[in-house]
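In what follows, a structure is listed as structure tokens, so that the remarks can point back to it.
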Amino acid sequence: MSKLTAAITAVGSYVPKFVMTNKMLETMVDTNDEWITTRTGIKERRILKEEEGKGTSYLAIKAAQDLIKKGGVNVEEIDVVIVATATPDTLVASTAAFVASKIGATNAFGYDLLAACSSFLFGMSTAASFVQSGRFKKVLLVGADKMSSIVDYTDRTTCIIFGDGAGAALFEPNTEGLGLQDEYLRSDGQGRDFLSMDAGGSMMPATEETVKNRKHFIYQEGRSVFKFAVSNMADAAATIMEKNSLSHEDVTWLVPHQANKRIIDATANRMGLDHNKVMMNIRKYGNTTSATLPLLLADYESQLKKGDNLVFAAFGGGFTWGSIYLKWAYNR
Ligand code: UT7
């Protein structure tokens with residue numbers, strides 16, 4: 001019997017309708033379109049405003065439904081729903097459990113996976129392992145974040161970067177050797193103070209003080225995170241190429257986390273890739289944290305061909321980072 005691999009067989013996505021442009025941010029904080037564009041590559045981002053009181057699950061459900069519709073998936077056959085997110089609806093109840101129920105995946109169990117901007121990348125490893133082991137046949141991985149719920153719109157160093165969005169990928173068994181080939185995943189907890197949200201967890205529960213001191217918003221020491229991101233994301237991508245004897249010609253696409261265009265360019269340079277092999281949509285969505293990788297897959301799906309070699313790379317809070325080598329499994 002041929003070896004079982006785990007392939008992506010369908011993708012879906014959703015971004016909210018409201019577009020927040022750099023010009024709008026100019027009216028909120030001391031910044032300007034030119035600075036944001038040259039330092040990050042971002043022109044606009046989407047913000048969830050269309051329905052009051054909706055959290056990350058709203059985005060995740062829409063992305064999953066898009067995948068189900070496009071892929072013609074029988075939802076009752078889904079075994080596992082994983083929601084990769086840094087902004088779950090609530091802290092105790094699993095967002096994935098709610099998503100699974102809402103999309104009608106009545107035979108699935110669901111749970112959340114939290115690794116900041118590397119959540120989807122790490123989730124790919126988990127989803128693929130479930131499939132490769134023969135334990136489950138259909139694993140739905142959703143990357144979704146409502147970053148606007150934790151962004152401080154008085155802090156010009158963070159509010160210009162983030163946006164809301166969601167993307168989804170279905171993992172299924174493959175016997176042609178397609179799908180996830182190899183992975184290089186890392187974390188270093190020493191980095192957790194550089195990119196964090198201090199309050200609201202078990203270490204610093206909510207008090208009047210924490211609210212007054214704006215401790216429920218994301219804080220980032222941008223310059224330090226930038227340095228770690230550039231070196232670690234590029235190293236991880238280069239490592240996965242070396243481990244698998246991939247030359248720059250063998251790589252069809254780099255699928256990089258969309259945090260800053262300069263980090264993406266540095267990673268592509270290190271891999272020796274031309275810019276036309278680099279997936280990029282940071283200009284219109286900004287950094288959607290757990291949603292960047294599946295949003296890229298959905299945006300570029302029509303250009304992907306069976307057998308294409310994709311190298312995923314991400315870096316995020318924690319610190320967490322890594323790279324995955326995957327062979328694309330279908331033509332749309
Ligand atoms: O996704 C997970 C991981 N996150 C990342 O990978 C993000 C990594 N970090 C970054 O992308 C960048 O560090 C930022 C985009 C956040 C900031 O860019 P930077 O080039 O590192 O800027 P900086 O923090 O070094 O600040 C340079 C200058 C400072 O002014 P002075 O001290 O040189 O006078 C800042 O005060 O730019 C100023 N500045 C701004 N100016 C206009 C900072 N934010 C802004 C702003 N508009 N929004």
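Using a cutoff of 8 angstrom between alpha carbon atoms and counting only pairs six or more residues apart, the relative contact order for region 181-327 works out to 37 percent. Taking all protein chains together and a 1.4 Å probe, the residues 243, 62 rank 243, 62 from largest to smallest accessible area.
Only protein heavy atoms count here; under a 1.4 Å probe, residue 51 has an accessible surface of about 80 Å². Expressed as a whole percent, the accessible surface of the chain that belongs to carbon and sulfur atoms is 50, based on a 1.4 Å probe. Pairs of lysine residues in region 182-264 that meet both criteria, 8 or more places apart or on different chains and Cα atoms under 30 Å apart, total 5. Taking 188, 145, 299 in turn, the Gaussian network model of the chain (Cα-Cα springs below 10 Å) assigns the largest fluctuation to 188.
Between 116, 234, 108, the Gaussian network model of the chain with springs among Cα atoms under 10 angstrom shows the greatest mean-square fluctuation at 108. Say we join alpha carbon atoms closer than 10 Å with springs in a Gaussian network model of the chain; which of 86, 206, 298 then has the biggest fluctuation? Of the options given, 206 has the highest mean-square fluctuation.
Accessible surface computed residue by residue for region 5-178, with neighbouring protein chains in place and a 1.4 Å probe, gives 40 Å² per residue. Which aspartates and glutamates have a Cα less than 15 Å from the Cα of residue 23, not counting those fewer than 8 places away in the same chain? Filter leaves 33, 34, 44. Taken along the Cα-to-beta-carbon direction at a fixed 7 Å, the label points for residue 152 and residue 186 span 3.0 nm. Per residue, the chain reaches -9500 deg cm²/dmol at 222 nm when only DSSP H runs of four or more residues are counted, each adding -39500 (n - 2.57). Could you tell me the distance between the Cα centroids of region 1-65 and region 72-101, to the nearest Å? The two parts, judged by their Cα centres, are 19 Å apart. Placing unit charges on each Cβ (+1 for Lys and Arg, -1 for Asp and Glu) gives region 5-178 a dipole about its Cα centre, and among 8, 57, 86 the Cα reaching farthest toward its positive end belongs to 8. One way to sum up the overall shape of region 1-139 is the equivalent ellipsoid from its Cα gyration tensor, whose semi-axes run 33, 18, 14 Å, largest first.
The Rg/Rh ratio for the chain is 0.95, where Rg is the radius of gyration of the alpha carbons and Rh is the Kirkwood radius.
Projection of the Cα convex hull of region 226-332, averaged over all directions and equal to a quarter of that hull's surface, yields 6.2 nm².
The values are calculated or read from the model by the stated rules, or taken from the named source; none is laboratory data. Please read all numbers here as calculations on a predicted model, not as lab measurements. Glycine also receives a Cβ, built like all others from the backbone with ideal geometry; neighbour counts cover every protein chain displayed. Keep in mind that these areas ignore ligands, DNA and RNA; they rest on the heavy atoms of the full protein, side chains included. Shrake-Rupley method; radii C 1.70, N 1.55, O 1.52, S 1.80 Å.
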